[in-house]
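**Q** Here it is: the structure, laid out below.
Bear in mind that the values in this text are calculations on the coordinates, not laboratory data. Not measured: the values here are computed from a predicted model. Cβ coordinates were reconstructed from backbone atoms using ideal geometry, including for glycine residues, and neighbour counts include every protein chain displayed.
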């Protein structure tokens with residue numbers, strides 16, 4: 001059987017399938033259905049210095065082949081994560097990625113400093129949450145601001161650092177290059193696209209927050225395009241996500257340039273998706289006589 | 001749900017042997033797809049999820065359902081037995097469902113319609129006034145304004161009240177934190193619990209109406 005293991009910034013993953021932040025919490029719920037080691041890694045729920053209650057409901061709206069969410073970074077705070085969630089997660093035989101969010105540069109530096117002193121395997125910097133006024137998205141929208149926050153955080157980060165990029169930008173390759181230049185060990189993309197839906201009977205937005213982050217199969221082609229553009233622009237590993245639903249999507253995303261992938265919204269459609277995607281990847285690689293999934297990365301011929 | 005990203009949260013109406021019964025209303029594209037399923041075809045479900053009403057047969061319980069909130073009360077009402085009272089409210093005569101199923105329980109069943117085309121003319125809270133004094137507990141499911149009024153009446157009479165809530169939902173298991181319901185903390189602050197995992201049944205006292 002083909003080798004599915006990948007190495008991202010010095011961290012070994014048994015397979016390239018990572019659970020996307022915000023779709024799996026801290027793993028307990030899906031961990032009741034199957035061992036979490038079906039994932040090469042888990043990116044935990046976006047965590048802030050202090051507990052956050054999140055946004056008022058409704059937080060969810062379905063869209064054609066996708067959904068909007070505006071959960072608003074509801075999380076129990078970094079200390080709870082470290083003392084209550086992390087010890088259990090570390091026993092699940094999967095790479096544990098902490099997803100760090102904040103409102104100010106100081107917040108980001110502080111939380112990264114705290115997380116660097118723990119057992120987390122990697123830190124993913126969430127500078128692209130669109131659902132909180134001070135959710136860090138302002139750091140993720142231009143190459144200059146991404147460079148500034150990445151450089152600032154880098155000084156406090158002793159773990160491999162992934163910068164999670166927003167698709168709500170004019171030039172994604174320039175943003176990725178700025179992250180690389182400023183010390184990122186990897187980039188992950190795409191976070192959600194900002195969207196909105198209106199109830200035509202009440203004339204009100206369906207989501208209380210008015211706008212939400214769009215995810216699911218509908219955003220997949222946008223994600224593939226952006227991963228392709230970023231892979232050409234940077235030398236650091238690229239983690240591709242956005243609407244991956246099937247193993248065929250996974251192959252496509254890897255061909256576009258992803259060294260690893262994240263899956264999120266598909267877990268809501270089918271909790272067993274990671275198992276099916278891993279099986280499909282094995283089958284594809286074997287039938288094409290490819291020894292390692294790493295040989296597939298960026299192989300799109302244009 | 002073929003062609004849809006999200007599953008649909010639907011309460012169990014009844015259980016018999018190894019069969020579960022669900023009763024739902026066609027409200028949108030998803031439930032329309034579900035309703036078009038052919039007899040004998042297979043659908044993919046994740047169940048059971050969340051909690052339910054805690055029934056105590058020694059207590060006199062009032063079960064109140066409003067509209068499509070009526071089906072989730074059937075199994076609980078039957079479990080509680082003849083000693084309970086059922087109040088089911090509907091929009092109009094054409095919306096009335098499950099009358100015989102509730103009557104088979106052998107308990108008192110009161111039905112209302114908003115326009116008086118069937119049963120008592122009025123809302124479920126009208127007949128509730130007459131039976132609430134004898135009750136030990138109230139269990140309810142239905143539209144939020146109805147549940148809010150029931151919760152208010154229960155509080156006035158110091159009767160424990162449990163409500164089954166609805167919210168737009170994604171994962172169904174407590175991972176995505178989508179289906180939030182505001183909960184009043186003892187210190188007056190607000191926090192969120194989730195309909196899928198912490199609910200759908202909540203103590204009406206703790207809900208931020």
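**Q** Please average, across the residues of B:1-11, the number of beta carbons from any other chain that are within 10 Å of each residue's own beta carbon, and give a whole number.
**A** Mean partner shielding for this stretch: 4.
**Q** What's the percent breakdown of Cα-Cα distances in chain A across 20 Å bins, shortest bin first?
**A** 37, 59, 4
**Q** Further question on the same structure: Based on the mean of other beta carbon atoms within 10 Å per residue, what is the order of A:7-19, A:95-107, most packed first?
**A** Ranked from most to least packed, the peptides come out as A:95-107, A:7-19.
**Q** So how do B:24-35, A:74-85 stack up, highest first, on mean other-Cβ count within 10 Å?
**A** My ranking of the peptides, most packed first, is A:74-85, B:24-35.
**Q** Now, a different point. For the stretch A:151-302, state the average projected area of the convex hull of the C-alpha atoms over all orientations, rounded to one decimal in nm².
**A** Its average projected convex-hull area is 11.5 nm².
**Q** What relative contact order, as a whole-number percentage, does the stretch A:6-296 give when Cα pairs under 8 Å and 6 or more residues apart are counted?
**A** 18
**Q** Let me ask another. Pop the C-beta distance of residue B:108 and residue A:104 into the FRET formula with R0 = 60 Å and round what comes out to the nearest 0.05.
**A** Plugging the Cβ-Cβ distance into 1/(1 + (r/R0)^6) gives 0.50.
**Q** OK, next. Run the numbers on the stretch A:233-289 and let me know its relative contact order in percent, using alpha-carbon pairs under 8 Å that are six or more apart.
**A** Reported relative contact order: 36 percent.
**Q** OK, next. If you build a Gaussian network model of chain B, linking Cα atoms that sit under 10 Å apart, which residue out of B:175, B:36, B:77 swings the most?
**A** Top of the fluctuation ranking is B:36.
**Q** How big is the protein assembly as shown along each principal axis, measuring the range of its Cα positions in Å and listing the largest first?
**A** Here the spans come out as 74, 52, 44 Å, largest first.
**Q** Right, something else. With a cut-off of 8 Å between alpha carbons and a minimum separation of six or more residues, what is the relative contact order of chain B in percent?
**A** Reported relative contact order: 18 percent.
**Q** Per DSSP H run of at least 4 residues, take -39500 (n - 2.57); add these up for the protein assembly as shown, divide by its residues and hand me the 222 nm value, nearest 500 deg cm²/dmol.
**A** It comes out at -7000 deg cm²/dmol, rounded to the nearest 500.
**Q** Assuming R0 = 35 Å, what is the FRET efficiency of residue B:60 and residue B:24, from their Cβ-Cβ distance, to the nearest 0.05?
**A** Given R0 = 35 Å and the Cβ-Cβ separation, E is 0.70.
**Q** Here's something else I'd like to know. Need the full-extension length gain, residue A:1 to residue A:279, defined as separation in residues times 0.36 nm minus the C-alpha distance. One decimal, nm.
**A** Net length gain for the segment: 99.0 nm.
**Q** State the extension gain, in nm to one decimal, for the chain segment bounded by residue B:115 and residue B:38, taking 0.36 nm per residue of separation less the distance between their alpha-carbons.
**A** 24.3 nm
**Q** Provide the packing ranking of B:47-56, A:21-30, i.e. peptides ordered by the mean count of other C-beta atoms within 10 Å per residue, highest first.
**A** Taking the mean over residues of other Cβ atoms within 10 Å, the ranking is A:21-30, B:47-56.
**Q** Would you mind ranking A:67, A:255, A:214 so that the residue whose beta carbon has the fewest other beta carbons within 10 Å leads the list?
**A** Going from sparsest to densest Cβ surroundings: A:255, A:214, A:67.
**Q** Please identify which residues in the stretch B:89-105 have an amide N closer than 19 Å to a label point set 7 Å out from the Cα of residue B:126, following the Cα→Cβ vector.
**A** Answer for this model: B:89-97.
**Q** Please work out the Kirkwood hydrodynamic radius for the stretch B:62-209, using every pair of different C-alpha atoms, and report it in angstroms with one decimal place.
**A** With all distinct Cα pairs of the stretch B:62-209 included, I get 15.8 Å.
**Q** Let me ask you something else. Can you report the principal axis dimensions of the stretch A:187-248 using only the alpha carbons, biggest first, rounded to whole angstrom?
**A** Result for the stretch A:187-248: principal-axis Cα extents of 49, 23, 13 Å.
**Q** Could I ask something else about it? Rg/Rh for the stretch A:138-198 to two decimals, with Rh computed the Kirkwood way over all alpha-carbon pairs.
**A** Rounded to two decimals, Rg/Rh equals 1.02.
**Q** Calculated FRET efficiency, residue A:291 and residue B:93, Cβ-Cβ r, R0 60 Å, to nearest 0.05?
**A** So, using R0 = 60 Å, E works out to roughly 0.30.
**Q** Right, another one. Could you work out, residue by residue across B:39-45, how many beta carbons of other chains sit within 10 Å of that residue's beta carbon, and then give the average as an integer?
**A** That works out to 0 on average.
**Q** Between the stretch A:181-214 and the stretch B:40-111, what is the separation of their alpha carbon centroids in Å?
**A** The stretch A:181-214 and the stretch B:40-111 have Cα centres spaced 39 Å from each other.
**Q** Could I ask something else about it? Could you work out the mean count of beta carbons from other protein chains within 10 Å of each residue's beta carbon in A:22-28?
**A** Counting Cβ atoms of other protein chains within 10 Å of each residue's Cβ and averaging gives 4.
**Q** Please report B:5, B:79 as a ranked list, fewest other C-beta atoms within 10 angstrom at the top and most at the bottom.
**A** Going from least to most buried by this count: B:79, B:5.
**Q** Quick one: compute a quarter of the convex hull surface over the Cα atoms of the stretch B:1-114 and quote it in nm².
**A** If I average the Cα hull's projected area over directions, I get 8.2 nm².
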